[in-house]
Amino acid sequence: MPWSLLTLLPLILYVLRSISKRPSSLPPGPRSIPIFGNWLQVGNDLSHRFLATLSQTYGPVFLLKLGSKNLTVVSDPELANQVLHAQGVEFGSRPRNVVFDIFTGNGQDMVFTVYGDHWRKMRRIMTLPFFTNKVVHQYSDMWEDEMGLVVEDLKREERVRKEGIVIRKRLQLMLYNIMYRMMFDTKFQSQDDPLFIEATSFNSQRSRLAQSFEYNYGDFIPLLRPFLSNYLNKCRDLQRRRLAFFNNYFVEKRREIIAANGEKHKISCAIDHIIDAQMKGEISEENVLYIVENINVAAIETTLWSMEWAIAELVNHPTVQSKIRDEIATVLKGNPVTESNLHELPYLQATVKESLRLHTPIPLLVPHMNLEEAKLGGYTIPSESKVVVNAWWLANNPAWWKNPDKFRPERFLEEEYGTDAVAGGKVDFRYLPFGVGRRSCPGIILALPILGLVIAKLVSSFEMKAPPGLEKIDVSEEGGQFSLHIANHSTVVFDPIKA
């Protein structure tokens, strides 16, 4: 055998092994090719809809080889139970990603860190000031005040009732003020506030860079990573300036107040509690900033997407608006909707559920990972596999839902009565808008009442309509690495209801 052929023998053996039939113990999936795996076949856009289509070919659990990485896709309620709950420890970590490593400081945050002591500590420290019933009751009056300002602004401008307004912008200010008042005991004065413009710009750039599919080639195939250097440098520069902004304008100001008050200081907002944990040595200064990072993205942006979807569907379904309005009038008899009486309004709650079902804001949930080799559905899942649960498909599969493509809140009062978005307890694994189990989204306790209140306040005060010349507004979707948001921000006419 010629010497040149001998030197190529390892590569030839690798290629032959790569294109051979996959081991029967692995989940089914398309045949992969060397180096690239299935990437050239499936492309970059691994959307919830595309993965749902693949599940109809390969079954409820299948495996894609994306360059050097394994992606396991789960599209069945029982298997979702295994990943999120029954084997929650085994699948409790988060996969690494070259861009998210930059935006999370290699897992110094809570959302994307690996499962272990650091995650437990960060979850505990974040829960107390943000994610308890006590916090909801403490801040619900403030939420309602901020929502009331939105209603006042919409009533004040004549063009809003004639031409309409891109409502996202005003809701964005409202949500930032809600979360920044909870977090820092401060607020932005208007959409023109320079700090508000800077905060939203930083977060928008972060979302665009992190959610893009542009960097997949370098993430999947390490040999191509040098070609990502400009992209990654752009991410690093943005994150450096963004964290400095959060620190200089918000965190440090609270540190100065705490220092000035000395022993007399009373914790009055979430960051005080988090700084206190840092001063006791439980977490680092960097961890404090990454908690702020998590809240800016995970709490504010995802809730804003859900509001946009709900309002768009209500504009396109005026009878649903009327039913909510009638329910409020009948049940509350002229009293305002508050966080404390939301539970008395089942049709309103059904509308929130239906919007989250049809437009799951994180359709594949935040990805999971098994640090060690694991078993799932009778198959072997290789160690350090990225595991996604197609929550959108679980909630939109016609085998499990009646006319799932229709926006119909009544389903949650009829055939789906008792199906709830919950993070624990009795769970219907077909409906997981916030995930479930150890790595579920703790923000469910804030998101559900805030969504319900916003819808109630707007529907009580206005007939929401499409702008002149349109019968309906566009509800086309645009997805990213994790997110699902409305492709075109809706212009909505708000016609005040006459008393």
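The values are calculated or read from the model by the stated rules, or taken from the named source; none is laboratory data. Everything quoted here is computed from the prediction, not taken from an experiment. In this analysis, Cβ positions are derived from the backbone assuming ideal geometry, glycine residues included, and neighbour counts consider all displayed protein chains.
Candidates THR351, THR419: the one that is among the hydroxyl-bearing types (Ser, Thr, Tyr), surrounded by 15 or more Cβ atoms within 10 Å (Cβ to Cβ), at pLDDT below 95 and in contact with a Phe, Trp or Tyr (Cβ under 9 Å, 6 or more places away or on another chain) is THR419. So for region 42-64 (the condition being closer than 22 Å to LEU228 by Cβ, buried (at least 21 other Cβ atoms within 10 Å of the Cβ) and of a type outside the set (A, V, I, L, M, F, W, C)), does at least one residue qualify? Checked against the condition, which is being closer than 22 Å to LEU228 by Cβ, buried (at least 21 other Cβ atoms within 10 Å of the Cβ) and of a type outside the set (A, V, I, L, M, F, W, C), region 42-64 yields no hits at all. Applying the criterion of being more than 21 Å from TRP392 (Cα to Cα) and in contact with an Asp or Glu (Cβ under 8 Å, 6 or more places away or on another chain) to the residues of region 465-488, the residue that is surrounded by the most Cβ atoms within 10 Å (Cβ to Cβ) is LYS465. Within region 95-105, identify whether any single residue is in contact with a Pro (Cβ under 7 Å, 6 or more places away or on another chain), at pLDDT below 95 and not in a helix (DSSP H, G or I), and answer yes or no. Yes, some residue in region 95-105 is in contact with a Pro (Cβ under 7 Å, 6 or more places away or on another chain), at pLDDT below 95 and not in a helix (DSSP H, G or I).
For region 429-444, filtered to residues that are modelled with pLDDT of 95 or more and surrounded by fewer than 22 Cβ atoms within 10 Å (Cβ to Cβ), the residue that is nearest to MET122 (Cα to Cα) is PHE429.
In region 82-93 there is no residue that is modelled with pLDDT under 95, of a type in the set (Phe, Trp, Tyr) and not in a strand (DSSP E or B). Scanning region 268-288 for residues that are touching a residue at least 60 places away in the same chain (Cβ under 8 Å) and among the hydrophobic types (A, V, I, L, M, F, W, C) yields CYS269, ALA270, ILE271, ILE274, ALA277, ILE283. Reported count of residues in region 303-329, each being of a type in the set (S, T, N, Q) and within 22 Å of SER476 (Cβ to Cβ), is 4. Only one of (1) modelled with pLDDT under 95; (2) surrounded by fewer than 20 Cβ atoms within 10 Å (Cβ to Cβ); (3) more than 14 Å from PHE100 (Cα to Cα) fails for ASP193. Which number is that? So the condition that ASP193 fails would be (1). Going through (1) closer than 30 Å to TYR231 by Cβ; (2) in contact with a strand residue (DSSP E or B) (Cβ under 9 Å, 6 or more places away or on another chain) one by one, GLN82 falls short only on (1). When region 375-400 is filtered for residues that are in contact (Cβ under 8 Å) with a residue 40 or more places away in the chain, of a type in the set (A, V, I, L, M, F, W, C) and either touching a helix residue (DSSP H, G or I) at 6+ places or on another chain (Cβ under 9 Å) or assigned to a loop (DSSP other than H, G, I, E, B) (or both), the ones remaining, listed by number, are LEU376, VAL387, VAL388, VAL389, ALA391, TRP392, TRP393, LEU394, TRP400.
Conditions tested, residue by residue: (1) over 18 Å from ASP219 (Cα atoms); (2) among the aliphatic types (A, V, I, L, M); (3) more than 22 Å from the chain's Cα centre (by Cα).
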| site | (1), (2), (3) |
| --- | --- |
| LEU63 | no, yes, yes |
| PRO77 | yes, no, no |
| HIS85 | yes, no, no |
| GLY105 | no, no, no |
| TRP119 | yes, no, no |
| MET122 | yes, yes, no |
| PHE130 | yes, no, no |
